[in-house]
Amino acid sequence: MPLRNGTATSGDQEKHRNDTCSDQELQRSRTETNQASTGSVQRCRQWRNPRYPTATSLLRTTEITTNPVSLPGEKRFWSIGDLFLLLRLREDLLKRFKKHDVLIIVGETGSGKTTQIPQFLSDSGFCRDGKTIGVTQPRRVAAVTVAKRVAEECGVDLGQKVGYSIRFEDVTSSSTRIKYMTDGLLLREALLDPYLSRYSVIVVDEAHERTVHTDVLLGLLKKVQNVRSKYVKDHTSIGHKRASNGTILEKENTDPCIGVLKQCQGRKLPPLKLIIMSASLDAHVFSEYFGGAKAVRVLGRQFPVDVFYTVDPQTDYLDSAIVTIFQIHSEEAPGDILAFLTGQEEIESVEKQIHENLQRLPEEKRNMKTVTIFSSLPSEQQMRVFAPAPAGFRKVILATNIAETSVTIPGIKYVIDPGVVKARSYDPVKGMESLIIVPTSKAQAIQRSGRAGREGPGKCFRLYPESEYEKLEDSTKPEIKRCNLSNVILQLKALGVDDIFGFDFIEKPSRAAIKKSLEELILLGALTDELKLSDPVGRRMARLPLDPVYSKALILASQFKCLDEMLIAVAMLSVESIFYEPREKLDEARTAKKCFASSEGDHLTLINVYRTSIELLEKRKSEVGKEKPEKILRKWCKENFINNRSLRHARDIHSQIRRHVEQMGLCISSCGDDTLQFRRCLAAAFFLNAALKQPDGTYRALASGEVVQIHPTSVLFRTKADCIIFNEFVKTTNKTSMSTNSKLLVDSHSQVDIYCFLSR
DNA sequence: GAGCACTGC
């Protein structure tokens, strides 16, 4: 089955890979030295090229079709052969899907499963009676781009038959039948429509990523599916009542099988069909979770990637990465290099090192250009990775995980993978999250190497021996097992799941983590001592799309008459960092920041930034014929070292949250210059984040007892107030130094408040 | 005087 560019289909492709590998199976000793990276010392790096570890060889799913076929996903025009395959696949899939309520589809990148399968379903009558096919994605950008693509393929306007819905953007209409959305958004929808009654099919895409949202959604979908199929079989009404606004309220939990999901009255709902799509490895997990659901495999169009391992373990992966970059540069054919590093600091130091090494090379060998990308980089600078290198130059991209899934950079032929990643971890005893550098999983390593085979055959250099690869976990630990669960639990409670310990998670978080978050929610007043959602506080908190602490701060702020300020503070705290401090212009950036600094703390500093920017926008809007306000703001941001994207995000959140609190009937008033009121309110909401100064000048966090210090970027770094409220812990590589991120000077009154709350 | 991966509502 020939496909484009003469590559074989996956089955053949694998053989092809192995054939190529076997030629190079032996160790490839590199005798050439790399003058550039090593200076006068001669060093060489030895590589071993084993058989390519494909997803297939690791796949443990039993129910895989014997004759997998390929979807023509990347093409606009199909050959007769392609169409034949397409029809065959379509028939096969539909037959299976009609028989089973859950189908698992395993498909590699570029298999077209995301674009094609919803169209098959729509054509086959799954949108009858005005029902919709919902397709969820973990990321906003994916939901938008896929929807655009499918609308184009269907020849319809986006927002008509095919549409998408993400936070702040709803491009759907009453005629939308295929709806792409983020998984978090579908969870929010479920709060208003617990049966997901408008959907006949839900497709959960990229399920292998196992984000918190995906995991909670899978649990919810399983429940909804049970209820809906039960409803069809046993159409008896269980006690329920309707609220005055027409929504259905639960009366009591009469059916333990259904749990507390509310029964539906008077509406005929067809069974909910589910498709779980995963890239690899984990199909068996989903299959087991959904009672042995069948899995089908569709093939992607990845080009072969040769994987090389180091012969010996590397002591310093940064140095190793630099050596490898120069080795590729001097020995390999043209093609861009993508190197995965763990964070901004590493990226900046490696870039500096590369430039220094380049200076030592003869002029004609300096044809290398570095670009960097990480999430906090302003978007204009992020865009630089897409620009092709000057003619005759090789582009080296130094990236964080952002390049693993979120951003696809064209032209990559070589990938360098040190085998580590910075990941969130959670200590349920202290209730503290931190970021630590850990080994990647096998799945992650495969995902990274795949980045070299998007446009043609590539090579991946793993900076560790093959024996180390074998020791890696198959897949990354699901996020739900390494984060604070307060938000998840509040959502589940609002969805009517009372027994959190008994909830059918695909992988259950630890008992300690659940307990810790339940305690936090009780302290915040969201749950009663009987672990019921409190009314109105808990219900209101669940409605707000924010961290529970922020929601509580808003509710309190209406009582403290400073909701205007708190709305801004919460919006600004919810976004990625507002201030941008590039290494080369550190002093300028700090001077700029001083203009906004408030002696009372970082919260008020953030409010100052927000208000100044809004004033600027308003002023420009009233001046006709001048430059566009957005453009002016962008310039202003640049001058003041503020991340425009973060600020815009904060404006979006602000207006969304404002709408919510208005609907709740909360009173939005400003405390004006009386910032004491605002600070007291902060103390009342963030009492779990209070710290007191110790005689030695360090601080002790009251709730955890942890010794902490004020983060040097804080405006309070020098002042050393007696008592502060911080926003979050930042755990750094140095174990003893923990610091606070956002903090607030509070007076003695607020201390009293804090003690009051803590001693409750 | 230190330095925060990536998402999402």
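Read the figures in this text as sums done on the coordinates, not as results from a lab. Because the structure is predicted, anything quoted here is derived from the model rather than measured. Virtual Cβ from ideal backbone geometry, glycine too; neighbours counted across all protein chains shown.
Structure values in brief
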quantity	calculated
Among A:Ile500, A:Leu524, A:Ala553 the positive-end extreme of the charge dipole of segment A:499-554 (Cβ point charges)	A:Ala553
Intensity falloff of segment A:147-196 expressed as log10 I(q)/I(0), Debye formula with alpha-carbon point scatterers, at q = 0.24 Å⁻¹	-0.85
Neighbour-limited loop hits for trypsin sites (Lys or Arg not before Pro), segment A:374-482 (at most 15 other Cβ within 10 Å; DSSP other than H, G, I, E, B)	A:Lys430
Trypsin sites (Lys or Arg not before Pro) lying in DSSP loop within segment A:511-550, provided at most 15 other Cβ fall within 10 Å	A:Lys532
Estimated FRET transfer efficiency (A:Asp673, A:Arg96; beta-carbon r; R0 56 Å; 0.05)	0.25
Under 5 Å, built H, 5+ apart or other chain: amide partners of A:Lys294	A:Ile104
Sorted by Cβ density within 10 Å, fewest first, the residues A:Ile416, A:Ile522	A:Ile522, A:Ile416
Fewest-first ranking of A:Glu209, A:Glu584, A:Glu351, A:Glu630, using other Cβ atoms within 10 Å as the exposure measure	A:Glu584, A:Glu630, A:Glu351, A:Glu209
In order through segment A:217-224: 3J(HN,Hα) via Karplus (6.51 cos²θ - 1.76 cosθ + 1.60), integer Hz, x for Gly, Pro	4, 4, x, 5, 5, 4, 5, 4
Total formal charge among the other residues, if their Cβ is under 10 angstrom from that of A:Arg648, Lys/Arg +1 and Asp/Glu -1	+1
Under-5 Å amide H pairs with A:Val715, H placed in peptide plane, nonlocal only	A:Asp602
Efficiency of FRET between A:Gln119 and A:Arg611 - r from beta-carbon atoms, R0 60 angstrom, step 0.05	0.80
Extension reserve of the A:Asp474-A:Leu692 stretch, reckoned as 0.36 nm per residue once the Cα distance is removed	74.1 nm
Theoretical gain in end-to-end length, A:Ser379 to A:Asp499 [0.36 nm per residue, Cα-Cα removed]	38.9 nm
Calculated on alpha-carbon atoms, Rg and Dmax of segment A:128-221 in Å	12.4, 35
Placed amide H near A:Thr440: partners under 5 Å, 5+ positions off or other chain	A:Val420, A:Val421
Set of aspartates and glutamates with alpha-carbon distance to A:Lys619 below 16 Å, sequence-local pairs under 8 removed	A:Glu627, A:Glu630
Radius of gyration, Dmax [segment A:548-642; alpha carbons; angstrom]	15.2, 45
Qualifying trypsin sites (Lys or Arg not before Pro) for segment A:270-361 [loop in DSSP, other Cβ within 10 Å: at most 15]	A:Arg360
